[in-house]
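Only one structure is covered here, and it is reproduced in the block below.
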Amino acid sequence: MAAIAEASAIPVEKIAKSPGFWSGVLTRLRRDPVAMVALGILALLILMAVFAPYLAPYDPAKGSVIRRLKPIGTPGYILGTDELGRDMLSRLIYGARLSLLMGVIPVPIAFVIGSAIGIIAGYAGGLANTLIMRTVDVFYAFPSVLLAVALSGALGSGLTNALFSLTVVFIPQIARVAESVTTQVRKLDYVDAARASGAPAFTIVRVHILGNVLGPIFVFATSLISVSMILASGLSFLGLGVRPPDAEWGLMLNTLRTAIYTNPFVAALPGVMIFITSICFNLFSDGLRTAMDVKS
């Protein structure tokens, strides 16, 4: 009895509150050194893109015939020069802007649209689900690279068309995941109870469905950023993305491909940047997936 009385005397504000789900996710994520290193590198790349005018030592579009294909370590040009004598360090710094833009922007847009399509199809079920998902499967059946190239080729080169093509590529993939997890949640008891109590469909989706399905969809969407980076660079490499003389890593690979035999290290630098960025997005996505696993 004395112990019960003592426990009841503890002030309410001193009782420890159990951490929320996202607080636990952040705690577990901070304990993952690989994910933190990847996030740090990505943060540096983003800062490099934002402050490119202050970090780049030269104008990325200004070249010189007498400075063509200078090797790495040339005085005044740490990373050498490209086929037109432009400073590679400056172009890599400025190239981070368009490369990150083309790699990141399509995924959030596809996340919103694909999640809406998948959640509606998963909750509605029946004929509505069949009609929506069979339409999505038409686009999902094509390989991502082939669909992106076909759409960009039909629309023409340019940043806007490339972003639109990449967004269309990722919508079916996200919609499939959203439909799958929504179908599972829709069959749970508390959703049936809410439906039996007369709650409208919009309220059920907003209160009971979204909170349980957005997490898995979000984790899957983050894993697509690295794919988007590679596809965006591939479109620019094929001449279907950013147009010259803009600095973009995929386009730089295209213009430097003829220099692979004369100055291979300089020609490989844009590919190294694409590789590092894609790997960091993948590692961070893996860490986020592990952190969101309650059993971890």
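Each other residue within a Cβ distance under 14 Å of Ala247 adds +1 if Lys or Arg and -1 if Asp or Glu, for a net charge of -1.
Note: relative contact order over the chain, using C-alpha pairs below 8 Å and six or more positions apart, is 25 percent.
Taking label points 7 Å from Cα along the Cα-to-Cβ direction, Ser180 and Phe51 give a separation of 4.2 nm. Stokes-Einstein diffusion for segment 74-134, with the hydrodynamic radius set to the Kirkwood value over Cα pairs and evaluated at 25 °C in a medium of 0.890 mPa s, equals 161 µm²/s. Taking Cα centre as origin and charging only the Cβ of basic (Lys, Arg, +1) and acidic (Asp, Glu, -1) residues, the dipole magnitude of segment 225-296 rounds to 80 debye. Kirkwood hydrodynamic radius of segment 39-78, from the reciprocal of the average inverse Cα-Cα distance over all distinct pairs: 12.2 Å. Find how many whole Å separate the alpha carbon centroid of segment 121-161 from the alpha carbon centroid of segment 202-233. Centre-to-centre distance over Cα atoms comes out at 16 Å.
Given +1 at the Cβ of Lys and Arg, -1 at the Cβ of Asp and Glu and no other charges, the dipole of segment 176-251 around its Cα centre is 220 debye to the nearest 20.
Could you give the angle, 0 to 90 degrees to the nearest 10, between helix 210-237's Cα long axis and the longest principal axis of the Cα atoms of the chain? Once rounded, one gets 10 degrees. Packing order of peptides 62-68, 196-202, 159-165, highest average first: 159-165, 62-68, 196-202 (average count of other Cβ atoms within 10 Å over each peptide's residues).
Across all directions, the average flat footprint of the convex hull enclosing the Cα atoms of segment 176-228 is 3.8 nm². When the alpha carbon gyration tensor of the chain is reduced to an equivalent ellipsoid, its three semi-axes come out at 46, 28, 13 angstrom, largest first.
Mean residue ellipticity, 222 nm, helices only, the chain: the sum of -39500 (n - 2.57) across DSSP H runs of n ≥ 4, divided by residue count and rounded to 500, is -22500 deg cm²/dmol.
Projecting the Cα atoms of Tyr261, Leu131, Leu240 onto the charge dipole of the chain, computed from C-beta unit charges around the Cα centre, puts Tyr261 farthest toward the positive end. Enter the Cα centre distance for the pair segment 176-200 and segment 64-108, rounded to the nearest angstrom. After rounding, the separation between the Cα centres reads 51 Å.
Here the ratio of the Cα radius of gyration of segment 182-288 to 2.2 N^0.38 Å is 1.73.
Each reported figure results from applying straightforward, stated rules to the coordinates on display, with no laboratory input. Computed from a predicted model, the values in this text were never measured in an experiment. All Cβ positions, even for glycine, are placed from backbone atoms using ideal geometry, and neighbour counts span all protein chains on display.
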